[in-house]
Every structure is written in C-alpha cells, then in structure tokens.
2 protein chains.
Amino acid sequence: MAMRCKRCRQAAVIEVRRHNAAFCRDCFLHYVGQQVTRAIAKHRMLAPSDRVLVAVSGGKDSLALWDLLLELGYRADGLYLSLGIGAYSERSKQLCQAFADARGATLLVHDLAAEHGYSIPEAASKGGRSSCGVCGLSKRYVFNRAALQGGYDVVTTGHNLDDEAAVLFGNTLRWDVSAMARQFPVLEATHAGLVKKVKPLYRVAERETAAYCVLKGIDYVVEECPLVAGNTQMRHKQTLNQLEEAAPGTKHSFLFGYLERAAELLKTADVAALAECSRCGMTTQAPEDPASAPVCAFCRSRSRLVKTLPMAEAAHR
Amino acid sequence: MAMRCKRCRQAAVIEVRRHNAAFCRDCFLHYVGQQVTRAIAKHRMLAPSDRVLVAVSGGKDSLALWDLLLELGYRADGLYLSLGIGAYSERSKQLCQAFADARGATLLVHDLAAEHGYSIPEAASKGGRSSCGVCGLSKRYVFNRAALQGGYDVVTTGHNLDDEAAVLFGNTLRWDVSAMARQFPVLEATHAGLVKKVKPLYRVAERETAAYCVLKGIDYVVEECPLVAGNTQMRHKQTLNQLEEAAPGTKHSFLFGYLERAAELLKTADVAALAECSRCGMTTQAPEDPASAPVCAFCRSRSRLVKTLPMAEAAHR
C-alpha cells in the first residue's frame with residue numbers, strides 16, 4: 001500500500017520514521033519550516049529585526065537553512081569562507097553565489113589563504129591539529145570576526161540533528177564535560193567580542209535537509225569534503241546510524257534527552273574565563289597563568305602553520 | 001618477535017592493549033589482583049572485618065571475584081540464585097558448588113521458583129518486563145534480602161568494565177540521568193533495609209576475567225544465558241567493541257571519564273525518597289502520591305507474574 005501524507009492524506013514522498021509520519025512534498029516543506037520555527041521560538045534564537053549572518057558551505061544543510069530563513073522573512077546574508085580545497089571549494093563557492101543571485105540575496109566571500117596565509121590542504125599536511133580540527137577552528141574564528149565587523153546580531157550555522165548527535169556522542173565517549181556544557185542550540189554572546197551563534201536546524205535530520213533541497217530544487221554540493229574521509233565524526237555518525245537502524249528514534253532521544261535532562265546539570269563544567277587575544281584582539285579563554293599574555297587558539301594554530309609556510313606569511317599582512 | 005611480560009620480561013601469555021602492556025601468567029594474576037585491590041581501596045568498598053556476600057552465577061566474572069576476595073583474605077560467602085533456566089541453571093549451580101567445595105567456602109543457594117513462585121523462563125513468556133529486566137530485578141531483591149537476613153555487611157557483584165560501560169552507554173543514549181546517577185562502583189546502604197553493594201571488578205575487562213579463570217583453572221559456565229540473545233546490553237557491548245577496535249581505550253575512557261568528571265555533576269538527579277514496601281517490608285522508592293501504600297517493584301512484578309501462574313502462588317507462601 002502506498003504511504004499517505006500524515007497531514008493531507010495525499011500520496012507521500014518521504015517517510016519520517018522517528019515521528020512515525022510520512023509527508024507529501026508541500027506538507028514536508030511545511031514540516032521542516034515548522035521544526036525551524038519551533039527551534040527559533042523555543043530558544044529565542046532570532047528576533048524579527050536581527051541582521052542574520054548565515055554560514056554557508058554550499059552543502060545541503062547551510063543552503064536549506066538560508067532558504068528557510070529568507071522564506072521566514074529574516075534579513076539573512078550569507079558568508080562563504082573559501083578553504084582552498086581545489087575544485088571542491090570552487091564549485092562550493094559557485095553554488096552559494098548562484099543561490100544568492102537567484103534570490104537577490106547578499107553573499108560575503110572570505111578567503112582563508114588570502115586573508116590568513118594558509119589553506120586547509122596545507123594545514124592538513126603539517127601535522128598538529130587534524131585538518132578537520134583546523135577547519136572548524138578557522139571557520140568559527142572567521143565567521144565570528146566577520147559578523148562583528150559587519151554589525152550582524154547573530155551567526156546561524158546549518159548543524160542538523162545528525163551533526164549535533166554525532167558531536168555529542170564523541171564528547172560523551174570522552175566525557176569532555178566542558179565541551180558538552182557548551183553544546184547547545186544557542187550560544188549567547190557572553191562577551192563584547194563574541195557574536196551570538198544559533199543552530200536553527202538542530203531538530204531536522206540530515207536526510208531531511210537533503211530532501212528539502214531536492215524538493216525545492218536547490219543545487220548543492222553532494223560530495224563530502226575530500227579531506228573528511230574516515231574522520232572521527234563520520235565514524236560516530238555511522239555508529240549512530242547503526243543504533244538508529246536497530247531502534248528508530250535513538251538519535252533524537254540521545255540529543256533531546258541531553259538537552260532536556262542533562263545539559264543543565266553539566267552546565268557548571270563550562271567555567272572558562274574570557275580575555276582578549278594579545279595578537280588579534282578577538283575573544284579567547286583567559287590563560288591559566290595570569291602573567292602570560294592571552295593568545296587565541298586561532299592565532300596559535302595559524303602561527304604554527306604559517307611559520308612553516310614562509311611564502312604565505314606575506315599574504316596575511 | 002614474541003611479546004614479553006611488562007613486569008618480569010618473561011614470555012607473555014596475554015596482552016592488555018588499553019594499558020599498552022603484556023603479562024606472563026603470574027604477573028597477569030598479580031595485575032588483576034592489583035586492579036581489585038585498587039578498586040576496593042579507592043572506593044572504601046570493604047573493611048577487613050566485613051562479612052561479604054558474593055553474588056555468584058557460575059560465570060567467569062563472579063567466580064573470579066569470589067576467588068580474588070578469598071585470596072585477599074576476606075570472609076566471603078557465595079550466594080547462588082537458581083533462576084530455573086533448565087540445564088543451564090543446573091550446571092551453573094554445580095559449578096558454584098564445586099568451586100566452594102574445593103576451597104571449603106560457604107555457598108548459600110536460593111531458588112526463585114520455590115521461594116517466589118516463578119522462574120525466569122515463565123516470566124519471559126508473560127510479557128511485561130523483558131526476561132532480562134525481571135531477572136535483574138529478582139537478583140537485586142533476593143541478594144539484598146538474603147544479605148540482610150544473613151547479617152552480611154556488603155554484597156559484591158562481578159560486574160566488569162565491559163558490563164559497566166555497556167550499562168552506562170545504554171543509560172546515556174536515553175539520558176536516563178537518575179539511573180546514571182546511581183551507577184557507581186559503590187552503592188552505600190542509605191537506608192536500614194538496604195545492604196551496601198560494591199563492584200570490585202569494575203576496573204577489569206571482560207576478557208581479563210575470562211583469562212583469569214582459565215589461568216587459575218577455575219571451571220565456569222562458558223555459554224551465555226540462553227535467554228539473553230539479542231538483548232539490548234549485548235548490542236551495546238558489540239557497539240562498544242567496534243568503537244574499541246577503532247580506538248583502543250574507548251571503553252576505559254568512557255567509563256572512567258564518567259566516574260571522574262560527570263558522575264558528581266549528575267548526582268543531584270538521584271532524588272528518590274525511600275519507604276518500606278507494604279507487602280514485603282523491603283526498602284523501595286516512596287510513591288509519588290503520599291496517600292498510596294508503597295509497593296516495591298519486585299512485589300509488583302511478582303504479583304503480575306504469579307497472578308497468571310496460579311499453581312506457583314502456593315509455593316511462595
């Protein structure tokens with residue numbers, strides 16, 4: 001028997017097992033919008049007058065998010081950070097630009113190598129942090145800094161339910177309680193140098209953001225980043241997919257159970273004092289030794305990378 | 001090249017990857033004894049004068065534990081609870097008895113069907129809790145009650161590192177924070193009707209208790225309980241084994257990270273008030289409605305089971 005849409009009883013095009021539901025095209029788009037609206041309202045993510053900066057990668061999640069925010073009427077500009085991953089980065093940028101052009105939206109473009117003197121493939125070959133580690137650090141830094149400089153009220157990222165569950169899973173396996181204490185759909189701007197960060201897609205599963213793009217005709221980069229293969233988060237996603245297969249709803253109850261019952265109890269573990277980086281002026285954790293000058297993780301990582309890349313140093317200045 | 005013992009440089013018979021070590025027979029037995037001694041000391045599990053009741057199933061963990069406690073000089077009696085699982089239970093009881101006889105130790109034997117009117121296979125066929133659920137509930141009840149009646153100071157169980165990690169994993173996937181708050185190597189007797197419970201093997205991996213028995217010539221039931229196949233805890237053990245394979249030490253850091261960094265923060269979630277069961281007099285959670293008579297989970301489960309087994313009711317009286 002063909003599946004029927006839970007809302008309108010038309011033929012369904014997608015099943016959402018964890019909600020024991022199936023939807024036709026229009027009702028599915030409505031359902032995704034509803035999840036995002038609920039996320040925004042529940043955690044007071046965005047005010048109607050906010051200037052919103054959407055971190056876009058060209059992938060399904062961030063483009064779906066930008067689309068949803070524009071449809072909901074937010075003043076949302078995109079920011080694409082070029083990571084220098086060859087043709088992959090080029091194609092990602094083009095897709096973001098095409099998305100913006102088709103909607104008359106504004107896309108800011110930053111370039112890691114031009115502005116900071118290294119690309120992610122170069123970082124990957126230098127040891128130290130993993131390339132995913134350097135990439136995440138670089139994005140957080142550039143997005144926050146660009147939002148401050150551009151006068152944006154909030155940065156939104158496309159982290160979906162699967163992303164959030166996988167990160168929580170990794171942190172929980174190590175009981176990295178201070179990282180866990182910071183994992184929340186909203187990170188308030190607790191310091192003048194920090195912009196508020198929100199994750200309006202945390203209630204939407206990965207396959208649902210993909211379906212959203214397909215059904216709305218949004219062209220996105222389907223391939224994973226070529227550097228990501230075999231990374232820890234991918235492995236954790238696979239493990240969670242296995243658990244989900246055996247018991248549908250596992251990911252949902254893992255992430256939501258954490259947010260509802262444990263996050264509050266672990267909150268006290270996030271006790272980092274903040275300070276200004278002595279090199280770039282951005283906000284960072286205060287050093288344990290009050291006599292030493294604070295240097296942020298980005299500047300420390302960058303100086304390690306650029307020291308070994310003398311040609312690139314000139315580009316940064 | 002043959003592995004060498006980390007302590008004495010003789011040929012090794014077993015590798016312990018998470019400690020980056022290998023041991024010869026004697027040094028391995030020493031290592032296991034050391035882990036147990038450390039567990040006992042760190043959590044003040046046992047005093048030298050304590051009368052100790054060891055819950056034994058005939059499996060590797062509980063017989064290794066009993067052996068270790070006797071070798072360390074504790075006054076340790078065994079308690080075997082017959083669950084009525086046909087030849088499996090018979091063989092388990094015989095092995096416990098043979099172990100006790102060979103050491104001149106005391107084995108108490110209880111019988112679930114004779115004393116309470118149902119066996120675990122009967123419970124398994126009745127719906128309600130899973131058979132593993134009824135079995136765990138019955139054991140906790142019978143061990144606690146027998147220890148109280150026999151004047152024992154403490155009940156020890158053979159839960160090993162893999163058991164504890166798997167239970168924690170299951171509770172964490174659901175963020176059952178009150179169950180998590182109670183998961184600790186020591187449960188103090190917080191009420192006159194509760195006996196202190198301790199898990200001296202929580203630092204020893206499953207394959208290490210098996211190796212301990214093999215190397216000491218302890219005969220144990222090798223087969224898993226025939227009712228356990230495909231249960232949730234087995235599945236969680238498999239998942240953790242996969243994670244351990246990809247990153248040795250995962251189980252250890254998951255369990256120990258919890259105990260060291262998170263248990264304290266979650267402790268406030270264990271807020272159950274205690275009361276006496278109006279049927280059997282044992283300690284139980286106080287009911288939410290103060291006007292209703294407290295009935296413990298064991299008596300509730302038992303009355304459901306025995307109602308459907310009228311022949312068995314007579315046996316209980």
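The values are calculated or read from the model by the stated rules, or taken from the named source; none is laboratory data. None of the values given here were measured: they were computed from a predicted structure. Neighbour counts are summed over all protein chains in view; Cβ atoms, including those assigned to glycine, are modelled from backbone coordinates with ideal geometry. To get the accessible areas, we keep the full protein, side chains included, count just its heavy atoms, and leave off ligands, DNA and RNA. Shrake-Rupley method; radii C 1.70, N 1.55, O 1.52, S 1.80 Å.
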Legend entry - Solvent-accessible heavy-atom area per residue, rounded to whole Å², over the protein assembly as shown at 1.4 Å: 46 Å²
Inset, instruction - Send over the Kirkwood Rh of the range A:136-248, from the inverse of the averaged 1/r over different Cα pairs, rounded to one decimal Å. - result: 16.0 Å
Inset, instruction - Only Cα pairs under 8 Å and at least 6 apart count here; give the relative contact order of the range B:168-317 as a rounded whole percent. - result: 22 percent
Inset, instruction - List the distances, in nm and shortest first, from the label point of B:Q10 to the matching label points in every other copy, placing each point 7 Å from Cα along the Cα-to-Cβ direction. - result: 7.8
Legend entry - Mean Cβ neighbour count within 10 Å, used as a protection proxy, ranking A:217-223, A:117-123, B:182-188 highest first: A:117-123, B:182-188, A:217-223
Inset, instruction - Could you calculate the FRET efficiency of A:R140 with A:L274 from 1/(1 + (r/R0)^6), where r is the beta carbon distance between them and R0 is 25 Å, rounded to 0.05? - result: 0.95
Legend entry - Theoretical gain in end-to-end length, A:Q242 to A:R182 [0.36 nm per residue, Cα-Cα removed]: 18.9 nm
Inset, instruction - Quantify, in whole percent, the carbon and sulfur part of the accessible surface of the range B:46-191 (1.4 Å probe; protein heavy atoms only). - result: 51 percent
Inset, instruction - Divide by every residue of chain B the summed helix terms, -39500 (n - 2.57) for each DSSP H run of at least 4, and state the resulting mean residue ellipticity at 222 nm, rounded to the nearest 500 deg cm²/dmol. - result: -14500 deg cm²/dmol
Inset, instruction - Give the whole-number value, in cubic angstrom per residue, of the convex hull volume spanned by the C-alpha atoms of the protein assembly as shown. - result: 224 Å³
Inset, instruction - Report the net charge of residues surrounding B:K196, where surrounding means a beta-carbon distance below 12 angstrom and charges are Lys +1, Arg +1, Asp -1, Glu -1. - result: +1
Inset, instruction - Sticking with the crude label model, points 7 Å out along Cα→Cβ, report the distance from B:A192 to B:H19 in nm, one decimal please. - result: 4.3 nm
Inset, instruction - Provide an ascending nm list, one decimal, of label-point separations from B:E288 to the equivalent residue in each further copy; define each label point as 7 Å from Cα along Cα→Cβ. - result: 4.5
Inset, instruction - Might you report the magnitude of the Cβ-based charge dipole of the range B:160-317 about its Cα centre, with Lys and Arg at +1 and Asp and Glu at -1, to the nearest 20 debye? - result: 400 debye
Inset, instruction - Could you work out how far the C-alpha centroid of the range A:196-266 sits from that of the range B:97-134, in angstrom? - result: 43 Å
Legend entry - Local net charge near A:N241, Cβ-Cβ under 15 Å (Lys/Arg +1, Asp/Glu -1): -1
Legend entry - Fully extended contour minus Cα-Cα distance, from B:E260 to B:H30, at 0.36 nm per residue: 80.3 nm
Inset, instruction - Using a 10 Å cut-off on Cβ to Cβ distances, tally the other chain neighbours for every residue of B:264-270 and report the average as a whole number. - result: 4
Legend entry - Relative contact order (percent, whole number), chain B, Cα cutoff 8 Å, 6+ residue spacing: 20 percent
Legend entry - Reach of A:K199 by Cα under 23 Å, taken over lysines that are not fewer than 8 positions away in the same chain: A:K42, A:K60, A:K93, A:K139, A:K216, A:K237, A:K251, A:K267
Inset, instruction - Apply the Debye scattering formula to chain A, with a single equal point scatterer on each alpha-carbon and no solvent, then give log10 I(q)/I(0) at q = 0.11 Å⁻¹. - result: -0.73
Legend entry - Cα gyration tensor shape of the range A:205-248, rounded if a/c is under 1.5, else prolate or oblate by comparing a/b with b/c: oblate
Inset, instruction - For A:R4, list long-range residues whose amide hydrogen, built 1.01 Å from N in the peptide plane, is under 5 Å from its own amide hydrogen. - result: A:A12
Inset, instruction - Taking each pair of different alpha-carbon atoms in the range B:222-279 once, compute 1/r for the pair, average those values, and report the inverse of that mean as the Kirkwood hydrodynamic radius in Å to one decimal. - result: 14.8 Å
Inset, instruction - In a Gaussian network model over chain A where Cα atoms closer than 10 Å are linked, find which of A:R91, A:R103, A:R18 has the largest mean-square fluctuation. - result: A:R103
Inset, instruction - Using R₀ = 22 Å, calculate the FRET efficiency as 1/(1 + (r/R₀)^6) where r is the Cβ-Cβ separation of A:K42 and A:K267; round to 0.05. - result: 0.80
Inset, instruction - Quick one: give the max-minus-min coordinate of the C-alpha atoms of the range B:49-166 along each principal axis, largest first, in Å. - result: 44, 31, 26
Inset, instruction - Let me know the charge dipole size of chain A about its Cα centre in debye, to the nearest 20, where only the beta-carbon of Lys, Arg (+1) and Asp, Glu (-1) is charged. - result: 400 debye
Inset, instruction - Choose one answer from A:R38, A:R174, A:R51: the residue with the largest mean-square fluctuation in a GNM of chain A with alpha-carbon springs under 10 Å. - result: A:R174
Inset, instruction - Within the set of other residues whose C-beta is less than 12 Å from the C-beta of A:V52, count the net charge using Lys and Arg as +1 and Asp and Glu as -1. - result: +1
Legend entry - Reciprocal of mean inverse Cα separation for the range B:28-117 (Kirkwood radius, Å): 14.0 Å
Inset, instruction - Leaving out ligands, DNA and RNA, calculate the buried accessible area for the pair B and A with a 1.4 Å probe, summed over both sides, in Å² to the nearest 100. - result: 2000 Å²
Inset, instruction - List every residue whose amide H lies under 5 Å from the amide H of B:L108, counting only residues 5 or more places away in sequence or on a different chain, with H placed 1.01 Å from N in the peptide plane. - result: B:G78, B:L79, B:Y80
Inset, instruction - Among DSSP beta bridges whose residues both lie in the protein assembly as shown, state the antiparallel percentage, nearest 5. - result: 35 percent
